[in-house]
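Participant: Take this structure, written in structure tokens, and hold onto it; I'll ask about it next.
The values are calculated or read from the model by the stated rules, or taken from the named source; none is laboratory data. Quantities reported herein were computed from a predicted structural model and do not represent experimental measurements. Ideal geometry is used to build each Cβ from the backbone, glycine not excepted, and the neighbour counts take in all protein chains shown.
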Amino acid sequence: MSKNRQFFDKIEKIRGVCLLTLLVFSTGISGQKLKVVHKAKTYWKTVGSDSLQRMVELKSLLPDLEYDLRYATTLNFTGTVLYKSSQYTFLRLPAASALSKVEAALESLGLGLKIFDAYRPYHATVLMWDLVHDERYVANPSKGSGHNRGLAVDLTLIDLETDEELNMGTGFDNFTDSAHHTFKKLSNEILENRQLLKKTMEAAGFRALETEWWHYSWPNDRNYDVLDIDFRKLLHK
Ligand SMILES: [Zn+2]
């Protein structure tokens, strides 16, 4: 726990530089060549030529999942609201369809999913990078992330009867070794819970991330663009 406190103190100290760095990345002063789509019109044009690029609103597609969108609140490791939408959350069509398969597979076990985060507009990743600066945990803005592309989801398992989260050993966004898949000094129950989530997500086509038991991503096999578009503008043309 003291590690977490030290980490939080560090965040407090560097928070002041956040806005400056956001400006640097968003204006391209850093010289990065990453393509970031800021205009909804550009996104909709892409969807027009490739329907698989569509961003699907998850609460509409999968209303029976639990949603606890932490970055729309201050209840996340930054203590800062990173984006304003708690009402909507998105994944690209193939990833959203795969998630519905995961839901179906878990239902027979009396289990469901709780979503912490999915699409994350690019500016939110820039803010996070200012706070953490560690590529094991936060995507470097120069590359863009799976979340920025609507391909990554942070989630956990819940018991459908109680709505309680299964014990995963650490909370979401715990930046210690104990959140790694290779960390085995945990109870059998925790290891089995993590393994079940991993096995079910991978069977549906998602890929795990070694350092975060809660993070899964869909392969970026269609060159999905990094988006910095407001949630509401993704709902309708
Ligand atoms: Zn994630």
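Participant: Can you spot a residue in the range 92-102 that is on the phi < 0 side of the Ramachandran plot, assigned to a loop (DSSP other than H, G, I, E, B) and either surrounded by fewer than 22 Cβ atoms within 10 Å (Cβ to Cβ) or in contact (Cβ under 8 Å) with a residue 60 or more places away in the chain (or both)?
Facilitator: no
Participant: Could you please find all residues in the range 134-168 being away from the ligand (no atom under 12 Å from the Cβ) and either assigned to a helix (DSSP H, G or I) or free of Cβ contacts under 8 Å to residues at least 40 places away in the same chain (or both)?
Facilitator: Hits for the range 134-168 are GLU135, ASN140, THR162, GLU164, ASN167.
Participant: Checking the conditions here, which among ASP221, ASP228 is among the acidic types (Asp, Glu) and modelled with pLDDT of 95 or more?
Facilitator: On inspection, the qualifying residue turns out to be ASP228.
Participant: Of these, PHE172, PHE206, which one is modelled with pLDDT under 95, surrounded by 18 or more Cβ atoms within 10 Å (Cβ to Cβ) and either within 16 Å of the ligand (Cβ to nearest atom) or acidic (Asp, Glu) (or both)?
Facilitator: Being modelled with pLDDT under 95, surrounded by 18 or more Cβ atoms within 10 Å (Cβ to Cβ) and either within 16 Å of the ligand (Cβ to nearest atom) or acidic (Asp, Glu) (or both) holds for just one of PHE172, PHE206, which is PHE172.
Let's see how each residue does on (1) β-branched (Val, Ile, Thr); (2) more than 23 Å from VAL36 (Cβ to Cβ); (3) assigned to a loop (DSSP other than H, G, I, E, B); (4) without any contact (Cβ under 8 Å) to a residue 12 or more places away in the chain:
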residue: LYS198; (1), (2), (3), (4): no, yes, no, no
residue: MET201; (1), (2), (3), (4): no, yes, no, no
residue: ALA208; (1), (2), (3), (4): no, yes, no, no
residue: TRP213; (1), (2), (3), (4): no, yes, no, no
residue: TYR224; (1), (2), (3), (4): no, no, yes, no
residue: LYS233; (1), (2), (3), (4): no, no, no, no
residue: LYS237; (1), (2), (3), (4): no, no, yes, no
